[in-house]
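See structure below.
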Amino acid sequence: MNQEYMKKFVTPEEAAKVVKSGDWVDFGFGTGFPELFDRALAGRAGELSDVKVRGGLVYAPKIEILEADPEHKAFTWYSWHIGGYERKKQTEGQIRFVPMLLRQVPFLYRQHYRVDVAVIPVSKPDSEGYCTLGAANYCFKTIMSVAKTVVFEVNEYYPVIPGVDGSNRVHISNADYVVEGVHSPLPVQSYKAPTETELAIARNVLAEIPDGATLGLGVGGIPFTVANMLAESDLKDLGCHTGTISDAYMAMWKAGKLTGAAKTFDKGLMTWNLAAGSAEFYEWLAEHPELFHPDDLDYVHSPFRMGELKNYISINGGVQLDLMGQENAETAGTRQLSGTGGQLDFLEGAFRSEGGKGFICIASARKTKEGELKSNIVPFIPAGCTTSAPRAMIENVATEYGVAHLTGKTVRERAEAMISVAHPDFRDELYRYAEKSFK
């Protein structure tokens, strides 16, 4: 790197001084979190006020600016997808939730949002000053294009993945400041051993996946279980076009099932926007960069692009569904548990695909803390809960009792299909409601 680029390197504390009271600051999404800048900015809690920070789906164990400002006088966190840590801070009043489909986020930045400071996590620069966005492409390039000040944070653990035609690559010249230092290892995401219910749901979905299908797997136990079953199946030439790539895809690749040979575009490549998984998974990304096409939300989350793929299969989980097929994927009453994220993007992509199928996978019932059995298929989405996906976009609902195929059905036919996969203890009650409500 030439001397001009080297002048951009400053300490995290020096970079954090660019933030002023009243600023809008962007911290990114998922594994794209600026640990060093966060800590340095937290050190200024006593001298700043009304700094608004955007981020979401934080995998880090904590956000230092919130820990340093429990009365939230200096910092307020804005999120469109609540992660585990954010869920706890939400109850303390430090989180502001913004409902959003992920594919809409770049438009917000281009057309509406002010960005005073954008902090972009990147991999180590090469001799020519090129870095990559590593495990989180997100819409960082769009954010950089509208930000007044851009700070790169070099994370030594980030895999170097250039992408296709530089899709995941940025240059030091795009930054006003560059910070580096010692980071914690990338946050590890893991899954518990599947329950018998999850195994039954996964088997029901597996039976509907053809050879050559391209998969968009949501984050959760059931999509992960489906992937492990696919790895052990007789299916071949599966592909990847997904919001978040994870260990699930690594398992299929190691088993020789994930080749991408049947993809209409990005043939032979795994297409994704974010990456999160085990330590072994991050090593896999770093060792095989040629396998991947990480790209931004505009590219990966476009339903029109997914619609160009044949046999595109979207698999996601939910919280509850009603008899018409409407889904709540993100709230318990008015309490925000996560966000819509990319679920609706990928459901629509599957809907548009020739031979495509969208699945919402859910246990038919759950037990409360008191041991009471409650149905996850309800007559109607309760007041206060969110409808994350409209009934017209839900094609298939899988429970341990089978798959309800809803596409093109009347509301009465949809109700009957939903009842057929509900827990037997609740079917009579649901049928009585359907009889009264859907003629």
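Remarks
- So ALA255, is it among the hydrophobic types (A, V, I, L, M, F, W, C), within 21 Å of the chain's Cα centre (by Cα) and farther than 30 Å from PHE33 by Cβ: no
- Index of the failed condition, TRP272 passing every other in (1) surrounded by fewer than 20 Cβ atoms within 10 Å (Cβ to Cβ); (2) under 28 Å from PHE304 (Cβ atoms); (3) out of contact with any Leu (no Cβ under 9 Å at 6 or more places or on another chain): (1)
- Inside segment 148-173, residues that are of a type in the set (A, V, I, L, M) and without any contact (Cβ under 8 Å) to a residue 60 or more places away in the chain make up a count of 3.
Here is a yes/no grid of residues against (1) surrounded by fewer than 20 Cβ atoms within 10 Å (Cβ to Cβ); (2) assigned by TED's automatic domain parsing to the domain that holds LYS62; (3) more than 20 Å from PRO289 (Cβ to Cβ):
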site: THR132; (1), (2), (3): no, yes, no
site: SER145; (1), (2), (3): yes, yes, yes
site: VAL170; (1), (2), (3): no, yes, no
site: ASP176; (1), (2), (3): yes, yes, yes
site: ILE222; (1), (2), (3): no, no, yes
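- Odd one out for ASP237, checked against (1) surrounded by 24 or more Cβ atoms within 10 Å (Cβ to Cβ); (2) closer than 20 Å to GLY358 by Cα; (3) modelled with pLDDT of 95 or more: (1)
- Residue in segment 118-168 that is farthest from ALA40 (Cα to Cα), counting only those that are in a loop (DSSP other than H, G, I, E, B) and among the hydroxyl-bearing types (Ser, Thr, Tyr): SER167
- Of all residues in segment 190-206 being in a loop (DSSP other than H, G, I, E, B) and either touching a Ser or Thr at 6+ places or on another chain (Cβ under 7 Å) or of a type in the set (Val, Ile, Thr) (or both), the one that is surrounded by the most Cβ atoms within 10 Å (Cβ to Cβ): PRO194
The values are calculated or read from the model by the stated rules, or taken from the named source; none is laboratory data. Values in this document were obtained by computation on a predicted structure and should not be read as measured data. Glycine gets a Cβ as well: all are built from the backbone with ideal geometry, and neighbour counts include every protein chain shown.
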